[in-house]
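Visitor: Below is one structure. I have some questions about it.
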Amino acid sequence: MQQKLRILIVEDEAAIREGLIDVFVYHGYEVDFSADGAEGLDKALTEKFDLVLLDVMLPSLNGFEICNQIREHDRDQAIIMLTAKSSDDDIIEGLTLGADDYIAKPFSVAQLVLRVQAVLRRTHNVIDQNEHIQLADDVTIDCQNLSGQCAGQTLSFTRREIEILQYLHANSQRPVSRDELLHKIWGYADNIELETRTVDIHIAKLRRKIEPDPSQPQYLTTVRSAGYRLHG
């Protein structure tokens with residue numbers, strides 16, 4: 001019998017939390033939960049979950065603090081954050097701290113399930129253990145160790161960031177569109193319409209790490225109306 005994938009839901013609003021538990025149990029997941037930030041962080045760090053579904057506003061510790069501490073211990077943990085629809089700052093901060101994706105409240109349950117399934121599909125992919133990416137003489141990226149060097153400074157990457165870099169590197173002869181990255185890296189089906197800035201924010205994060213001047217990118221450039229391109 002195949003082992004069920006485990007999801008941790010950290011959400012303090014009882015009605016939303018109980019609804020999410022029912023939905024994911026119905027879809028065949030094993031679900032644990034917490035209504036408190038500190039308790040949720042303790043569970044995330046001491047137990048094994050395939051995905052953490054994390055609200056931003058929580059008692060004792062907010063979702064940003066939890067995401068940051070999880071990332072310090074485990075750069076591979078899949079994390080989706082639940083954010084206020086009106087707050088772009090929440091979205092940017094959550095993705096900057098290393099969340100794989102975000103869902104804006106109020107959300108469609110059907111789309112939430114699809115996005116969780118997509119993140120889980122991509123999370124279980126295996127990175128090419130031997131690949132290194134060299135960008136000119138300044139930047140070296142070690143895909144196995146999720147690390148790198150830029151002008152003598154040590155870099156640290158999440159698994160999602162490495163997947164983006166690997167895909168762009170493998171297709172460096174052409175620009176890669178946002179939709180293609182959502183399909184290939186996040187695992188979303190081609191026919192799903194999403195309003196999401198997750199690609200743009202991840203690209204901005206990568207530029208801050210690998211570019212000498214992120215405002216004038218040399219390695220990870222934008223091709224107008226076409227997408228992004230990585231130059232070696």
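Visitor: Of LYS48/LYS209; LYS184/LYS205; LYS4/LYS48; LYS48/LYS184, which ones are farther than 24 Å apart at the Cα?
Guide: Working: LYS48/LYS209 29 Å; LYS184/LYS205 19 Å; LYS4/LYS48 12 Å; LYS48/LYS184 26 Å.
Exceeds cut-off: LYS48/LYS209; LYS48/LYS184.
Visitor: Which one, LEU165, SER147, THR46, projects farthest toward the positive side of the charge dipole computed for the chain from Cβ point charges (K/R +1, D/E -1)?
Guide: Projecting each Cα onto the dipole axis, the largest value belongs to LEU165.
Visitor: Then there's this: Expressed as cubic angstrom per residue, what is the convex hull volume of the alpha carbon set of segment 15-90? Present the calculation step by step, with values, prior to reporting the outcome.
Guide: Working: hull volume 7.7 nm³, N = 76.
Dividing the Cα hull volume of segment 15-90 by its residues yields 101 Å³.
Visitor: Nearest 20 debye, what's the magnitude of the dipole of segment 6-123 about its Cα centre given +1 on Lys and Arg Cβ and -1 on Asp and Glu Cβ? It would help to have the intermediate numbers written out before the result.
Guide: Working: 11 positive and 23 negative charges, 102 e Å.
That gives a dipole near 500 debye.
Visitor: Highest GNM mean-square fluctuation, the chain, Cα pairs closer than 10 Å: which of ASP89, ASP74, ASP101?
Guide: ASP89
Visitor: I would also like to ask the following. Which listed residue (ALA104, PHE33, LEU120) has the Cα farthest towards the positive end of the charge dipole for segment 1-129, taking +1 on Lys and Arg C-beta and -1 on Asp and Glu C-beta about the Cα centre?
Guide: Sorting the options by dipole projection puts first LEU120.
Visitor: Where nothing but the Cβ of Lys and Arg (+1) and of Asp and Glu (-1) is charged, how large is the charge dipole of segment 132-230 around its Cα centre, in debye to the nearest 20? Don't jump to the answer; show the numbers that get you there.
Guide: Working: 12 positive and 13 negative charges, 14 e Å.
Magnitude of the dipole: close to 60 debye.
Visitor: Of the DSSP beta bridges with both residues in the chain, give the percent that are antiparallel, rounding to the nearest 5.
Guide: Numbers: 17 of 35 bridges.
Once the DSSP bridges in the chain are tallied, antiparallel ones form about 50 percent.
Visitor: List the longest stretch of the chain that has no exposed loop site; here a site is one of the GluC sites (Glu not before Pro) assigned by DSSP to anything other than H, G, I, E or B, with at most 10 other Cβ within 10 Å. Mind dumping the intermediate values first?
Guide: Numbers: sites that count: GLU47, GLU193, GLU195.
Result, exposed sites excluded: 48-192.
Visitor: Further, regarding this structure: Points 7 angstrom from Cα along the Cβ direction at ASP12 and SER177: gap in nanometres?
Guide: The two pseudo-label positions are separated by 4.2 nm.
Visitor: If you place +1 on the Cβ of every Lys and Arg, -1 on the Cβ of every Asp and Glu, and leave all else neutral, what size is the dipole of the chain about its Cα centre, to the nearest 20 Debye?
Guide: Details: 24 positive and 38 negative charges, 156 e Å.
Taking the Cα centre of the chain as origin, the dipole is about 740 debye.
Visitor: Taking only C-alpha pairs under 8 Å that are 6+ residues apart, what is the relative contact order of the chain in percent?
Guide: Computed over the chain, the figure is 13 percent.
Every number in this text was worked out from the coordinates using simple rules, so none of it is lab data. Bear in mind the structure is a predicted one, so any value in this text is a computation, not a measurement. Please note: Cβ atoms are built from the backbone with ideal geometry, for glycine as well, and neighbour counts cover all protein chains shown.
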